Amino acid sequence: MDDAVYSGGLTYSGIETVIERLRMSLRLKIILVLVSLLVCSMSFASDFELNHTVDSDGKRVSGDKATVVTSGNLELSAKVTGANAQGLEVNFLQVAPKEKFLGSATVGANNIAKFMYSAGSKDKPVTIVANVAGSDADSSRIVYHLTVRKPTWVMFMIFGLLGGLGLFLFGMEMMSSSMQRSAGSKMRSILGALTRNRFVGVGVGAFVTMIIQSSSATTVMLVSFVQAQLMTFAQTLGVILGADIGTTITAQLIAFKLTDYALLLIAVGFGMKFLSKRDRVRNIGDVVLGFGLLFYGMHVMSKAMYPLRTYTPFLNILTELENPFLGILVGTGFTALIQSSSAFTGIIIVLAQQGFLTLEAGIPLLFGANIGTCITAALASLNAGREAKRVALAHTMFKVLGVAIAIAFIPLLAKLVQGISGGVVSSDNQADLARFIPRQIANAHTIFNVSLTFIFLPFTALFAKLILKMLPDVVEEPGVRYDTRFLEPTLLKSPVLALNLAKVEIIKMGEKVKEMAEKSIEPFFSGDLSELDRLHEMEDHIDSLDEQISAYLIDIGKQKISEEQADEVYLMMHVTKQYEQIADIIDKEMRQLAQEKSTEAVVFSEQGAKEVRAYHLKMIKQIARSLDTFRDSSLEKAQKMAKKQAKYVALDGDLRQHHFERLREDIKESVSTSHIHLDLMDCLRKMNSYSANIARAVLQRYGESKSQ
């Protein structure tokens, strides 16, 4: 029987062949199906694009660049673009600090996949990659940069900001007071340069403000100068404009990123302060130490703000500051709060150094700082005289009008600053923002204030007339003022200025004493005693001034002042006491003599009356010379007074001799008024002596300084 056929059927070997063929066909089909499915899957996945979700304003709300607290949760979202995306899987893989698969999320409504990320227990930066499952295309992959921080991070950030700001302000105050002590009497000479020349006033205002680091303090000083009639209100306007330029110096110094050298400056300043025995070197050491503390405070604030680089709500707020009106409002409020435009400008630059601010956001903040600095002077003027209100109003008008004009030109100012400073950068590039914007902000501050000065300076006379119309003179009711007019407690921290104001007050007190001395002689000849009550009231005023001036000088002495300034305090206390002694002589001795003469109804002899009037006139001239000598700190005038005093002592002896000769001649009037005549001459002699004491004190104070 044939092997190929069996009863009309297949042989065994034929069946095996068929089965093998069937197996090969099925395997091929399976492979073909798998390949087909893979190709379809790849083609399907590559049709989808993955993006971060955004809100209606185009801002990312996917969780990218967000901050999450340790052991907390954060929702990450991704939007899939493409047809029939719902139901797709999106995988989330952590790639740093170590790789691990986090999980998947299904694309749901609005083609958005949402995944809940659980932070660990350590604060660290985290990088997560999300991609559409089954796709290796770059378009179907996005990256999330997260920051995990401890729940207390905001508290410690606030501690760092407040501590850094404290160091910044303390360093600024130390630098300012030390520069004032170093300047010493030179500062007084500069203040004396306030003349009718408004250009000189601008330069003086800029220099003084640069030294004392406060345009508000300069403004308060101007109030006292106007009240003391050392300068007119119109002359102060140039100084106010100059003061605005002076504030920009601080910003320029801060913009130099010297924070890396802050500790070196602190070390050098500390060494100069504590290792040297020379006051000048110690003062310079204080300047360097203050400068170092200022920059170290900036460093502390910068470090404290670093976490905010990834804190989206804060970055969104700063973006809103590009609205000029909001930026000006914020700048005004913060500057008014801390009452220092220099300090707030420093904060703006610190923000810029972290890459937080664009130039368009920084400029409105600067404008606000310029307006906010007016608050201090305005508050100081509320309870002050008309002159104070005028100066404060002028300061505010310049600032507000300047900002009102400049607000429309912010884009132009930004382009000008960028052209001068270099570095046109994108608001999304934090590195370039941190590199270029601090210098640009400082330059914008300078350009604005210098431009303001040149715009308004030609019109200061018109501004003065306008403000005088807005705040005209008010006639004060008759009466005696028992309060000082020029002593400003807020300037005690600026001893040079405080001493200058005390000097103005003493000069006014001396002029009051001179007025008393002039009026004191008339009751001896007219018989009208009504003036004596007026003299008594004036003496009460002098006593009150003596008490207040002495207390103010003691407060100055409690500040950190140089030996030179301590000598100045002692001189002023001495001068004040001499004028008070002259007032006492007039009230307690001459007033009583005038009453006694009126009661006894006696008159001086004709020759005796001439001699009394002549000697009295010489005493008035001596008091006037003492005022000039003290006002000008003039050695020449002091020496002239000393010679005059010796001459008048000799003259007193001659006049007494003449009186005794009249007594020998038994002239009736001389006999009846002898004790009054001699006591009155003695009073005038003592007035001469007290006036000469002022000259001797000036000779001792400035003669020794000149010899050193």
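The distance between label points at Leu401 and Lys122 comes to 6.3 nm (points 7 Å beyond Cα on the Cα→Cβ vector). Computing Rg and the Kirkwood Rh from the Cα coordinates of region 549-647 gives a ratio, Rg/Rh, of 1.12. Phi-derived couplings, Karplus 6.51 cos²θ - 1.76 cosθ + 1.60 at θ = phi - 60°, listed residue by residue for region 132-149: 5, 4, x, 10, 10, 5, 4, 5, 9, 9, 9, 10, 10, 10, 10, 10, 9, 9 Hz, with x used for Gly and Pro.
Would you please give the FRET efficiency between Lys686 and Lys558, computed as 1/(1 + (r/R0)^6) with r the Cβ-Cβ distance and R0 = 41 Å, to the nearest 0.05? Walk me through the numbers on the way to the answer.
Values: r = 33 Å, r/R0 = 0.81.
That pair, Lys686 with Lys558, gives E of 0.80.
Enter the per residue convex hull volume of region 52-151, computed from alpha-carbon coordinates, in Å³ rounded to the nearest integer.
Roughly 100 Å³ of hull volume per residue.
The label-point distance for Lys577 and Lys415, in a model that sets each label 7 Å from Cα toward Cβ, rounds to 6.9 nm.
Per-residue extension of 0.36 nm, minus the Cα-Cα distance of Arg534 and Lys469, leaves a gain of 20.0 nm for this segment. Close Lys pairs in region 52-151, defined as Cα atoms under 25 Å apart and 8 or more places apart or on different chains, number 25. Put a dot 7 Å past the Cα of Gln592, heading toward its Cβ, do the same for Asp666, and the two dots end up 3.3 nm apart. Mind scanning Lys512/Lys577; Lys399/Lys560; Lys597/Lys643 and naming the pairs with a C-alpha gap bigger than 24 Å? With Cα atoms farther than 24 Å apart: Lys399/Lys560; Lys597/Lys643.
In a solvent-free Debye calculation with one equal scatterer on each Cα, what is log10 I(q)/I(0) for region 662-705 at q = 0.23, 0.25, 0.33 Å⁻¹, listed in the order of the q values? Each listed q corresponds, in turn, to -0.77, -0.82, -0.99.
Here Arg435 and Ala109 are evaluated by their C-beta separation; at R0 = 41 Å the FRET efficiency comes out at 0.40. For a modelled paramagnetic label at Thr599, 7 Å from Cα along Cα-to-Cβ, the residues of region 657-679 in reach, with backbone nitrogen under 19 Å, are 672-679.
Which net charge results for the neighbourhood of Arg662, defined as the other residues with beta-carbon distances under 15 angstrom from its beta-carbon, given Lys and Arg at +1 and Asp and Glu at -1?
Around Arg662, the surrounding residues sum to -3.
Entry note: region 280-375 has Rg to Rh equal to 1.06, where both radii use alpha-carbon atoms and Rh is the Kirkwood radius. Computed from the C-beta positions of Asp628 and Phe454, the FRET efficiency with R₀ = 41 Å rounds to 0.60.
Express in nm, to one decimal, how much length is gained between Leu93 and Leu617 on full extension, taking 0.36 nm for each residue of separation and deducting their alpha carbon distance. Please report the intermediate quantities before stating the final value.
Working: separation 524, 0.36 × 524 = 188.64 nm, distance 10.11 nm.
Gain on stretching Leu93 to Leu617: 178.5 nm.
Across all Cα pairs in region 491-707, the calculated P(r) in 10 Å bins from zero up to the longest distance comes to 8, 31, 31, 18, 9, 3, 0 percent per bin.
Using Cα-Cα distances under 8 Å and only pairs 6 or more residues apart, what relative contact order does region 492-631 have, in percent? Mind dumping the intermediate values first?
Numbers: 102 pairs, mean separation 56.2, N = 140.
Dividing the mean separation by the residue count of region 492-631 yields 40 percent.
Cross-link partners for Lys558 among the lysines, with Cα-Cα distance under 17 Å and sequence neighbours closer than 8 places in the same chain left out: Lys493.
No lab work stands behind these numbers, since they all come straight from the coordinates. Source: prediction; values computed, not measured. All Cβ positions, even for glycine, are placed from backbone atoms using ideal geometry, and neighbour counts span all protein chains on display.
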